[in-house]
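Structure, as structure tokens:
The values are calculated or read from the model by the stated rules, or taken from the named source; none is laboratory data. Everything numeric here is computed off the predicted structure, so don't read it as measured data. Here the Cβ positions follow ideal geometry from the backbone for every residue, glycine too, while neighbour counts run over all protein chains shown.
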Amino acid sequence: MLIQNVKAQDLTFSQFYEQPLLRNPALAGVFTGDLRVSTVYRDQWSSITVPFRTEAMSIEYKRPMQGSNDVLTLGSQMTLDQAGDIQLKRTQFLPVVNYSKSLSDDKDSYLSIAFMGGPVYSQFDPTLVRTADQFQGGSYNPNAPSSQMFTNNGYNYWDLATGISYSSSYGDAGRFYIGAGYAHFNKPIIHSVTGTIENFLYPKITFNIGLNTPITDRNRIIAFADYFTQNGYRQLLGGFLYGFDFQKFYNDDPYTIYFGSFLRWGDAFVPVIKMDFKHMTIGMSYDVNVSKLKTVSNFRGGFELTASYHGFLKVTNSTLEKLRCTRF
């Protein structure tokens, strides 16, 4: 006879900086190169229940605008999420376009405005659903009929997001960016699989910051932070990485190893290791659960693996000599 509301939020990654389009579509193109392809795999809560597995890939391609220092970035964000006993899946394909307006002659400061949108598909396996009337005599009987009827095994909707960011430099080789994103501003309608309820996806507002500052010519610190609010819930995720270059930083192809940690406030402490070599980046992290769930999880959270490629295409429309981008 009691009713309690349950509020849900968008998925997020511990190495959130490796999937910038999920943070803010206006962060597309904020990297050194013409092309970047980033992937991530996450396995969470396997110590408690059926693992929540999430995979994502983003693609970004930049090209300069003729007659100006402005840059246009085209790309796409793709994710596949699977969770729970009924194998609830969500697949999304979100193309993005980001226009970066040059604010200085030295090509260091840019104001970017972006839009992202596309279809989202969600499905589950109704044969794996266990309902109350299938428990007979205190045990579950998979052959027992259920009065719960499903009109479909999923739902689809169109999702839209927008964002703005500003990137610039400071000192001799320091770079930074700040940004704000607004996701689900079209409030996508979600239809109940029982055909009785309609709801909508709550908008999400995100604030982003990134900082890259050299300490010496071979050492540097990179810091990231995100704050977002959605459906009455707020989350802060931030931290830093300390990098050491095995080759002198200003060489064309430095080999850099990073160590650091991030904190998802009230939820998890996240140690991270990352390595850059030539055009590739590989990162690993693990969530050490520190929330109230730690009593059950024994501090175990989720493992995450990331990999990305970025580089210049060295063609006539390359940004090689056109744009000095943030080295993130």
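Points worth noting:
- Of the criteria (1) touching a residue at least 60 places away in the same chain (Cβ under 8 Å); (2) surrounded by fewer than 17 Cβ atoms within 10 Å (Cβ to Cβ); (3) farther than 28 Å from V288 by Cβ, which one Y41 fails: (3)
- In the range 150-175, the residues that are within 19 Å of P188 (Cβ to Cβ) reach residues that are among the aliphatic types (A, V, I, L, M) and at pLDDT below 85 with C-beta atoms within less than 6 angstrom, at least six apart or across chains, in these pairs: N152/V193; Y155/I190.
- Pairs with Cβ under 6 Å, 6+ apart, first in the range 246-267 and farther than 21 Å from G174 by Cβ and loosely packed, with under 15 Cβ neighbours inside 10 Å, second among the charged types (D, E, K, R) and at pLDDT 85 or above: none
Yes or no, residue by residue, for (1) surrounded by fewer than 23 Cβ atoms within 10 Å (Cβ to Cβ); (2) in contact with a strand residue (DSSP E or B) (Cβ under 6 Å, 6 or more places away or on another chain); (3) basic (K, R):
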site: N5; (1), (2), (3): yes, no, no
site: S14; (1), (2), (3): no, yes, no
site: V37; (1), (2), (3): yes, yes, no
site: A56; (1), (2), (3): yes, yes, no
site: E60; (1), (2), (3): no, yes, no
site: N69; (1), (2), (3): yes, yes, no
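- Members of the range 32-61 that are more than 22 Å from G117 (Cβ to Cβ) and either part of a loop (DSSP other than H, G, I, E, B) or in contact with a helix residue (DSSP H, G or I) (Cβ under 9 Å, 6 or more places away or on another chain) (or both): T32, G33, D34, W45, S46, S47, I48, T49, V50, P51
- Note on the range 125-159: residues that are assigned to a strand (DSSP E or B) and under 30 Å from P95 (Cβ atoms) total 6.
- Some residue of the range 104-121 being free of Cβ contacts under 8 Å to residues at least 12 places away in the same chain and either among the basic types (K, R) or not in a loop (DSSP other than H, G, I, E, B) (or both): no
- Test: residue in the range 190-209 that is surrounded by 15 or more Cβ atoms within 10 Å (Cβ to Cβ), within 19 Å of the chain's Cα centre (by Cα) and farther than 23 Å from G238 by Cα: yes
- Condition met for G238 (over 18 Å from the mean Cα position of the chain (by Cα), at pLDDT 90 or above and assigned to a strand (DSSP E or B)): no
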